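Remarks on the structure that follows.
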Amino acid sequence: MTKITNPFEIYKVLPQTNCGECTLPNCLAFAAAVIKGQKNLVDCPYVSHKDKEILANRIAIREDFSRARGEDLDLLKSRVRDIDFSTRAALLGAKLVAGKLAVKSLGKDFFIDINGNVTSECHTHVWMTVPLLSYVVQSNGADITGRWVPFRELKDGSAMNPLFVQRAEKPLKKMIDRNRQLLGDLISMFSGQRADNNLFASDIALSLYPLPKVPILICYWNREGDMDSDLNIFFDSSAATHLQISSLFSLGVGLVMMFEKIARKHS
Ligand code: SF4
C-alpha cells in the first residue's frame with residue numbers, strides 16, 4: 001500500500017471550509033500538520049469515519065513523535081498551574097507529598113510540581129510526561145470498570161487503530177515472539193500482575209498500571225499450527241474518560257518503545 005507523504009492527498013478529503021475548529025487557520029495547514037504528525041485526522045470533526053479508517057494506515061508521518069508531543073507538553077504545563085492539587089489528588093488515585101502531586105506509574109512515584117515539572121527516581125521522557133500531565137489535567141476520576149476493551153473500541157479509537165496496531169501491538173508481538181521471558185521481566189520490573197490466562201483465551205496475560213486509574217492488559221497467543229502468534233493491548237473501558245485518544249495512543253506506543261530499549265539491553 002503506497003504511503004501518503006503529500007499534504008494535498010489529505011487536503012482532498014477535507015471539507016475545505018477553513019472553519020478553524022481544528023485550531024489551525026485553514027484546511028491546508030491542517031493537512032500539513034497531519035503529515036508532520038502534529039495533528040491527527042480525528043482532530044477535524046468533518047472527516048468521514050470511512051476516510052479516517054482508510055487513510056490512517058497510509059499516512060507516512062515525517063516528524064518525530066517526540067517533537068509533536070513536546071509541543072503538547074508546554075500547553076499542559078501551563079494548565080497544571082490552574083489545578084488545586086489537594087482536591088485533585090484523591091480523585092486521581094494520587095498523593096500529596098511536600099506540595100507536589102505524587103502519581104504512581106508502573107510502580108514508581110512521579111512527582112509533579114505546580115509548574116507542571118515532572119521528577120522521578122527513574123528517567124522521565126516526553127512520551128510518559130504528556131499522558132501523565134494530561135491525566136492530571138483532564139481525568140474525571142472515574143473508577144476502573146474491570147471491563148477490558150481493545151484500542152479500536154475506545155472513543156475515537158477506530159480511526160487511529162491501524163496506526164496503534166503498527167506502532168504498538170505488532171512491535172511488541174515481535175519482541176515476545178523472540179523472547180517469551182520478556183513478559184515475566186516486565187512484571188517484575190514494573191509491578192505488573194499476571195492476569196487470568198484464560199482471559200480472551202490467551203496463553204499469557206499480564207496487567208500493568210501506567211497510571212493509577214488507567215491499567216492496560218497485554219494478551220499474547222502462542223503460534224498454533226498454521227496460525228501465527230498474536231498480541232493485543234487492551235484498556236479498561238473507562239480509559240477514554242481519563243485521557244483523550246491521542247494520549248492513550250502515546251502511552252501505548254511509548255511503553256512499547258521503552259520495552260524495546262529494555263529488550264535490546266538484555267539481548
Ligand atoms: S476543522 Fe477540518 S474543516 Fe475546519 S479548518 Fe480544520 S481541517 Fe478544515
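Each value in this text was obtained by applying a stated rule to the coordinates, not by laboratory testing. Please read these numbers as outputs of a predicted model, since none were measured by experiment. Methodologically, a virtual Cβ is constructed for each residue, glycine included, from the backbone with ideal geometry; neighbour enumeration extends over all protein chains shown.
A few points about this structure:
- Amide H within-cut-off set for L211, under 5 Å, with H built and near neighbours excluded: L106
- Cut-off 9 Å between beta-carbons: net charge of the residues surrounding K95, Lys and Arg +1, Asp and Glu -1: 0
- Distance from the C-alpha centroid of segment 1-50 to that of segment 150-227: 31 Å, rounded to the whole angstrom.
- Under 17 Å of direct C-alpha separation, and excluding same-chain neighbours fewer than eight residues apart, K108 reaches these lysines: K95, K100, K213.
- Cα shape, segment 102-189, gyration tensor, a/c 1.5 rule: oblate
- Environment charge at C27 (Cβ cut-off 14 Å; Lys +1, Arg +1, Asp -1, Glu -1): -2
- Here the extension length gained between K170 and R81 equals 28.2 nm, from 0.36 nm per residue of separation less the Cα-Cα distance.
- Cα gyration tensor category, rounded, prolate or oblate, for segment 148-266 with a/c compared to 1.5: rounded
- Count Lys and Arg as plus one, Asp and Glu as minus one, and take only other residues whose Cβ is under 11 Å from that of D43; the net charge is then 0.
- Nearest-0.05 FRET efficiency for N26 and A90, computed from C-beta distance (R0 45 Å): 0.55
- Among R223, R152, R180, the largest mean-square fluctuation in a Gaussian network model of the chain, built with springs joining Cα atoms closer than 10 Å, belongs to R223.
- Cα-based shape type of segment 65-138, given that a ≥ b ≥ c are square roots of the gyration tensor eigenvalues and the cut on a/c is 1.5: oblate
- Potential extension, R178-R194 segment - 0.36 nm per residue separation minus Cα distance: 3.8 nm
- By the count of other C-beta atoms within 10 Å, a proxy for reagent exposure, L133, L183 are ordered fewest to most as L183, L133.
- For the pair R152 and I114, a Förster radius of 30 Å applied to the C-beta separation gives a FRET efficiency near 0.20, rounded to the nearest 0.05.
- Each Cα pair under 8 Å and six or more residues apart adds its sequence gap; the mean of these over the residue count of segment 148-266 is a relative contact order of 29 percent.
- The chain: relative contact order as a whole-number percent, Cα under 8 Å and 6+ apart: 17
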